[in-house]
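The structure under discussion appears below in the form of structure tokens.
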Amino acid sequence: MLQPQVRRVLAPNPSPFTFNGTQTYLVGNGQDVAVIDPGPTGTGVAGHADTNGDGHVDAILKAIKGQRLVAIMCTHTHRDHSPAASPLQAATGAPIIGCAALAIDDSGAGFGVRADAEFDPLYKPDQVLADGEQISGDDWTLEAVSTPGHTSNHLCFALVETGALFTGDHVMGWSTTVVSPPDGDMNAYMLSLQKLQTREDQVYYPAHGPAVTKPQQLVRGMIGHRRQREAQILRLLGEASFTIQEMVAQMYKGLDPRLNGAAGRSVLAHLIDLETQGRIVRGSELPELQWTLIA
């Protein structure tokens with residue numbers, strides 16, 4: 001138990017992208033309970049099956065036994081967050097509430113993995129929450145905080161009674177967030193970070209990694225880190241034209257090779273933002289797309 005109204009169930013899907021696995025949060029210490037980010041699924045309830053997270057749905061059901069599940073809430077629709085919503089709903093009848101559905105089609109050509117490979121195409125919410133909308137149980141109130149950037153449909157959820165914020169993948173203490181175009185948007189991500197900086201949340205509970213006990217300090221550092229990455233790109237392009245792969249090699253020395261594609265996506269997000277600002281331009285796409293600083 002993280003605090004009197006918050007418990008956590010860890011999904012068995014550790015990876016370089018998920019740290020120790022997806023953390024599913026259970027909110028409510030009375031009769032009513034909400035599940036935040038039900039996570040991936042595996043062979044489990046009523047024959048519902050998927051490729052990861054074996055037994056996770058069963059673990060959630062065991063943890064909430066004796067309570068009434070009143071809301072299955074998803075911060076966004078990446079496959080390590082939302083697929084278990086469907087079998088959990090089948091087992092309990094609870095509504096799926098939270099982010100909008102999103103599963104984009106993107107070839108990913110030239111920039112690493114396909115962006116849509118990580119989305120859950122089967123996610124179907126019963127209710128989509130707008131920024132500031134709330135749902136309540138007998139001892140808790142959760143408020144949606146719109147935080148696009150990592151994905152365009154990303155929401156955080158604020159636990160009004162305690163000052164906790166469930167940040168999904170928007171803010172994590174163990175790693176920076178991947179911002180992957182075409183849906184991931186660096187300008188939107190920075191604006192969402194600035195939005196959180198103006199709030200007075202006491203603790204962050206991310207979907208991966210430890211709780212963040214100094215949230216404003218972390219967000220301030222994350223904003224500074226992204227600005228440093230932008231400045232690094234501009235310095236490189238001040239020397240010569242580069243492809244994304246060449247920039248990743250210069251900017252992420254010693255990076256786990258499994259993360260090169262994700263790093264390239266975040267660099268692309270910065271490049272698109274700088275292009276929109278009129279500070280850089282993309283060149284010919286043959287043989288490889290190069291980017292150039294506008295003098």
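Helix 186-197 against the longest principal axis of the chain: what's the angle in degrees, Cα atoms only, rounded to the nearest 10?
Taking Cα atoms only, the helix is inclined about 50 degrees.
Taking the Cα atoms only, what angle lies between the long axis of helix 215-239 and the longest principal axis of the chain, rounded to 10 degrees?
With both axes taken from Cα atoms, the answer is about 20 degrees.
Which percent of Cα pairs goes in each bin when the distances of the range 157-295 are cut into 10 angstrom slices starting at zero?
Reading the bins upward from 0: 11, 39, 30, 15, 4, 0.
Beta carbons within 10 angstrom, averaged per residue: use that to sort the peptides 155-161, 10-16, 170-176, highest first.
155-161, 170-176, 10-16
Return the sequence-ordered ³J(HN,Hα) values of the range 172-185 in whole Hz as given by the Karplus equation 6.51 cos²θ - 1.76 cosθ + 1.60 applied to θ = phi - 60°, using x for Gly and Pro.
Per-residue couplings from phi come out as 9, x, 8, 7, 6, 8, 6, 10, 10, x, x, 7, x, 9 Hz.
What FRET efficiency comes out for Thr176 versus Thr198 if R0 is 25 angstrom and r is the Cβ-Cβ distance? Round to the nearest 0.05.
Efficiency computed from Cβ-Cβ geometry: 0.75.
Please compute the modelled spin-label separation between Ile294 and Gln232, points set 7 Å along Cα→Cβ, answer in nm with one decimal.
2.5
May I have the extent of the alpha carbons of the range 226-293 along their three principal axes, as whole Å values ordered from largest to smallest?
32, 30, 20
So if a site counts as exposed when it's one of the trypsin sites (Lys or Arg not before Pro), its DSSP state isn't H, G, I, E or B, and it has at most 12 other Cβ atoms within 10 Å, what's the longest stretch of the chain without one?
66-252
Which net charge results when you count Lys and Arg as +1 and Asp and Glu as -1 among the other residues whose beta-carbon is under 12 Å from that of Ile223?
Charge balance near Ile223 sits at +4.
Taking the Cα atoms only, what angle lies between the long axis of helix 260-276 and the longest principal axis of the chain, rounded to 10 degrees?
Helix 260-276 and the main axis of the chain meet at about 70 degrees.
Restricting to the range 6-223, compute how many DSSP beta bridges are antiparallel as a %, nearest 5.
60
Using a Förster radius of 22 Å, what is the FRET efficiency between Gln31 and Asp58 based on their Cβ-Cβ separation? Nearest 0.05, please.
For R0 = 22 Å, the calculated efficiency reads 0.55.
Over the range 117-185, with a single point scatterer placed on each C-alpha, what log10 of the ratio I(q)/I(0) does the Debye formula yield at q = 0.15, 0.20, 0.26 1/Å?
Evaluating at q = 0.15, 0.20, 0.26 Å⁻¹ gives log10 I(q)/I(0) of -0.58, -0.95, -1.23.
If each of Val128 and Gln216 carries a label point 7 Å out from its Cα toward its Cβ, how far apart are those two points in nm?
Spacing of the two 7 Å Cα→Cβ label points: 3.3 nm.
What does the charge count around Cys74 come to, taking other residues whose C-beta lies under 13 Å from its C-beta (Lys +1, Arg +1, Asp -1, Glu -1)?
Overall, the nearby charge balance is -3.
Any aspartates and glutamates with Cα under 16 Å of the Lys62 Cα? List them, leaving off those in the same chain fewer than 8 positions away.
Counting by Cα, and skipping residues close in sequence, Lys62 has these aspartates and glutamates nearby: Asp32, Asp54.
For the chain, report the convex hull volume of the alpha-carbon atoms normalised per residue, in Å³, without decimals.
123
Just so you know, all these numbers are worked out from the coordinates, no wet-lab data involved. This structure is a prediction, so every number in the text was calculated from the model and none was measured. All Cβ positions, glycine included, derive from the backbone under ideal geometry; neighbour counts span all protein chains shown.
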